[in-house]
Amino acid sequence: MRFKESETVELKKSTSELKEAIISIGAILNKHSKATVYFGIDDAGAVLGQQIGKSTLRDISKAISDWIEPKVFSDIQIKKISGKNCIVVNISGHDAVYSARGRYYLRMGEEDKKLSVDELRHLVEKKNNYAYSWGAEVSEFSLSKVSAAAVKKFGNYSACK
């Protein structure tokens with residue numbers, strides 16, 4: 001299996017790149033609300049494996065907790081990929097806008113772009129345009145499954161607030 005970086009996936013050859021991974025997590029969460037980071041896979045997608053010590057997973061968890069604001073939940077697992085130990089970190093968060101190491105980033109393709117003050121203001125305004133955090137979510141249901149009556153009822157309820 002060949003791996004490729006994307007707007008939601010970040011590849012790191014090892015945890016020596018944890019600082020960069022934290023920045024990518026913040027950037028991806030600001031755009032997509034969920035991110036996956038692989039440690040032990042290089043930028044070209046080659047599986048190198050990752051040396052995993054007693055505190056490796058705890059160090060990753062602590063870095064995420066210490067350097068991503070607001071706090072997010074992560075699922076950190078050791079997985080055998082192509083016969084080599086790798087670490088897979090899945091993170092989700094719906095309280096954007098997220099800072100990573102005290103700065104704000106946005107994922108653009110496979111890169112993490114540091115946001116200017118104006119870009120950050122625009123992102124905050126965009127995120128705040130939704131009355132509810134789930135308003136930014138993409139539904140798995142097609143338009144044909146939407147109940148017009150439910151939408152009208154919701155609209156009437158929202159107008160009362």
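The values are calculated or read from the model by the stated rules, or taken from the named source; none is laboratory data. Only a predicted model underlies this, so the values are computations on that prediction, with no experimental measurement involved. Methodologically, a virtual Cβ is constructed for each residue, glycine included, from the backbone with ideal geometry; neighbour enumeration extends over all protein chains shown.
Could we say that Lys54 is among the basic types (Lys, Arg) and not in a helix (DSSP H, G or I) here? Spell out the reasoning first.
Details: among the basic types (Lys, Arg): yes; not in a helix (DSSP H, G or I): yes.
Spelling it out, Lys54 is indeed among the basic types (Lys, Arg) and not in a helix (DSSP H, G or I).
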Please identify the pairs in which a residue from the stretch 131-158 that is at negative phi has its Cβ atom under 7 Å from the Cβ atom of a residue that is modelled with pLDDT of 65 or more and assigned to a loop (DSSP other than H, G, I, E, B), counting only partners at least 6 apart or on another chain.
Ser133/His94
All but one of (1) in contact with a helix residue (DSSP H, G or I) (Cβ under 7 Å, 6 or more places away or on another chain); (2) surrounded by 14 or more Cβ atoms within 10 Å (Cβ to Cβ) hold for Gly40; state the number of the condition that does not hold.
(1)
Of (1) farther than 15 Å from His32 by Cβ; (2) in contact with a Pro (Cβ under 9 Å, 6 or more places away or on another chain), Tyr98 fails just (1)
Unique match (being of a type in the set (Ser, Thr, Tyr), surrounded by 13 or more Cβ atoms within 10 Å (Cβ to Cβ) and over 21 Å from Lys127 (Cα atoms)) among Ser24, Ser14:
Ser14
Could you count how many residues in the stretch 1-37 are in contact with a helix residue (DSSP H, G or I) (Cβ under 8 Å, 6 or more places away or on another chain), polar (S, T, N, Q) and either assigned to a helix (DSSP H, G or I) or at pLDDT 95 or above (or both)?
3
Which numbered condition Asn85 fails, given (1) at pLDDT 95 or above; (2) closer than 23 Å to Leu123 by Cα; (3) surrounded by 14 or more Cβ atoms within 10 Å (Cβ to Cβ); (4) among the polar types (S, T, N, Q)
(2)
